[in-house]
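Taking it in order: structure first as structure tokens, then the write-up.
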Amino acid sequence: MAAALQAYHEWLPIRTPDMADLRKIYRSFDFGQLLSLHMLETRLLARDKPIEVNDLLNPATATVARSELASPTRQMLGNDQLNWLSTRMGNSKATWQVLGQQVLMGRMEFPASVLVTIDPANPANTTAAGQTAGQKAVNDYLTAKGTAAQAPSLLTAAQKDLLDTSKNPKLGYNLDAWDGYPVAREIVLATAASQGKRLVVLAGDTHNAWCSELTTFSGTKVGQEFATPGVSSPGLEEYLPTIPPAQTVQIFRGVVDTLKFADASRRGFLMMRFTPTAATGTWHLLDSVKNKTYTVNSSSSYTLAA
């Protein structure tokens, strides 16, 4: 790790904030009264070890793993960085508070009944029978969810169990992201809300494009997250090869209520535009990064009003 940190600071264009501790790269940039950009460190400085999804799903380990997941002391940023961020946002008079950081903060949670059938770490799930079981689990959950919204009196006992989070809890499928640190995320969002800030979070890491509402445990919207796809690295289309990308997006949008946009197959980049009245993210998506000739689609965008 020490060698990697040395290489990072010697070869990447960064003004090193603390030569005594190369992990401390969090810093802020003010762009007039328009926005304050707070660059966070969520990898090496203070984060606790990620929890494995299998430990949450396995009855033998679920109780301990879920208790650890919900622990109020579980750290993503660490107290020093969190206090720094709270002070910087509190003192800022800019219209927008923007967090530049590494991993998805939006809630990407799936019911356990679905996760056990689509977990790519389980070899049984990659077989034809496993893929069929996964599709059935998704359809059963979405059907129950739709029935509850349209005609709740028609719900069967089995469907009620699927929607009962005490029997079928919703869990993050990627616990390396903020879904693996729910209390730490709640503190950041609650801090921005209590300060009355307009919050925008930027993220990457998943290789796919996303846009999600950021909500507290109570469901209160605090801000918006814009996530960039990878420039070249493959995403969900490679991890879920038997499911058409359009269907993957349909599943995510159906299960995750706060998800407003997703692209599950194309590479590209995200451009953000901030004005005093709005923050707009536009995804520039290529039909191929393996050919010299390609087309760029820039029709996907999302605007958050100030």
Selection status of A262, of a type in the set (G, A, S) and either under 19 Å from the mean Cα position of the chain (by Cα) or surrounded by 18 or more Cβ atoms within 10 Å (Cβ to Cβ) (or both): yes
Cross-chain or 6+ apart pairs with Cβ under 6 Å, region 179-198 first and within 12 Å of V222 (Cβ to Cβ), then small (G, A, S): T191/S86; Q195/G90; R198/A306
Matching residues in region 168-185 - criterion: being more than 13 Å from D48 (Cα to Cα) and part of a loop (DSSP other than H, G, I, E, B): N168, P169, Y173, N174
Flag if A60 is farther than 30 Å from A305 by Cβ and in the same structural domain as F29 (by TED's automatic domain parsing): yes
Any hit, region 116-123, residues being in a helix (DSSP H, G or I), out of contact with any Cys (no Cβ under 6 Å at 6 or more places or on another chain), buried (at least 17 other Cβ atoms within 10 Å of the Cβ) and not aliphatic (A, V, I, L, M): yes
Residues (touching a Gly at 6+ places or on another chain (Cβ under 9 Å) and not in a strand (DSSP E or B)) located in region 258-293: T258, A264, S265, R266, V289
Test for T143: is it without any contact (Cβ under 8 Å) to a residue 40 or more places away in the chain, within 30 Å of P276 (Cβ to Cβ) and surrounded by fewer than 17 Cβ atoms within 10 Å (Cβ to Cβ): no
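Here's the yes/no breakdown for (1) under 30 Å from A133 (Cβ atoms); (2) outside the structural domain of P229 (by TED's automatic domain parsing); (3) within 20 Å of the chain's Cα centre (by Cα):
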{"position": "Q75", "(1), (2), (3)": "no, no, yes"}
{"position": "N79", "(1), (2), (3)": "no, no, no"}
{"position": "L82", "(1), (2), (3)": "no, no, yes"}
{"position": "S86", "(1), (2), (3)": "no, no, no"}
{"position": "S92", "(1), (2), (3)": "no, no, no"}
{"position": "L99", "(1), (2), (3)": "no, no, yes"}
{"position": "L104", "(1), (2), (3)": "yes, no, yes"}
{"position": "L115", "(1), (2), (3)": "yes, yes, yes"}
{"position": "I118", "(1), (2), (3)": "yes, yes, yes"}
Filter pass, L44 being surrounded by 11 or more Cβ atoms within 10 Å (Cβ to Cβ) and touching a strand residue (DSSP E or B) at 6+ places or on another chain (Cβ under 6 Å): no
Qualifying residue in region 210-227 (condition: crowded, with 19+ Cβ neighbours inside 10 Å, charged (D, E, K, R) and not in a strand (DSSP E or B)): no
Cβ-Cβ under 6 Å pairs, at least 6 apart or on other chains, region 243-256 side surrounded by 19 or more Cβ atoms within 10 Å (Cβ to Cβ), far side in a helix (DSSP H, G or I) and not acidic (D, E): T248/L236; I251/V138
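To keep it simple, each residue is scored yes or no on (1) touching a residue at least 40 places away in the same chain (Cβ under 8 Å); (2) closer than 25 Å to T215 by Cβ; (3) small (G, A, S).
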position	(1), (2), (3)
L69	yes, yes, no
P72	yes, yes, no
T87	no, yes, no
A94	yes, yes, yes
L104	yes, yes, no
M108	yes, yes, no
P111	yes, yes, no
T127	no, no, no
G134	no, no, yes
All positions within region 150-167 that are free of Cβ contacts under 8 Å to residues at least 24 places away in the same chain and in a helix (DSSP H, G or I): Q150, P152, S153, L154, A157, A158, Q159, K160, D161, L163
Hits in region 232-256 - residues which are out of contact with any Leu (no Cβ under 9 Å at 6 or more places or on another chain), modelled with pLDDT under 95 and in a loop (DSSP other than H, G, I, E, B): S232, S233, P234, G235, L240, P241, T242, P244
Scope region 272-294; condition loosely packed, with under 14 Cβ neighbours inside 10 Å and not hydroxyl-bearing (S, T, Y); matching residues: R273, P276, A278, K290, N291, K292
Members of region 282-303 found to be under 17 Å from G106 (Cα atoms) and out of contact with any Lys or Arg (no Cβ under 8 Å at 6 or more places or on another chain), listed by number: T303
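The values are calculated or read from the model by the stated rules, or taken from the named source; none is laboratory data. Quick caveat: nothing in here was measured; it's all calculated off a predicted structure. Note that each Cβ is placed from the backbone with ideal geometry, even for glycine, and that neighbours are counted across all protein chains shown.
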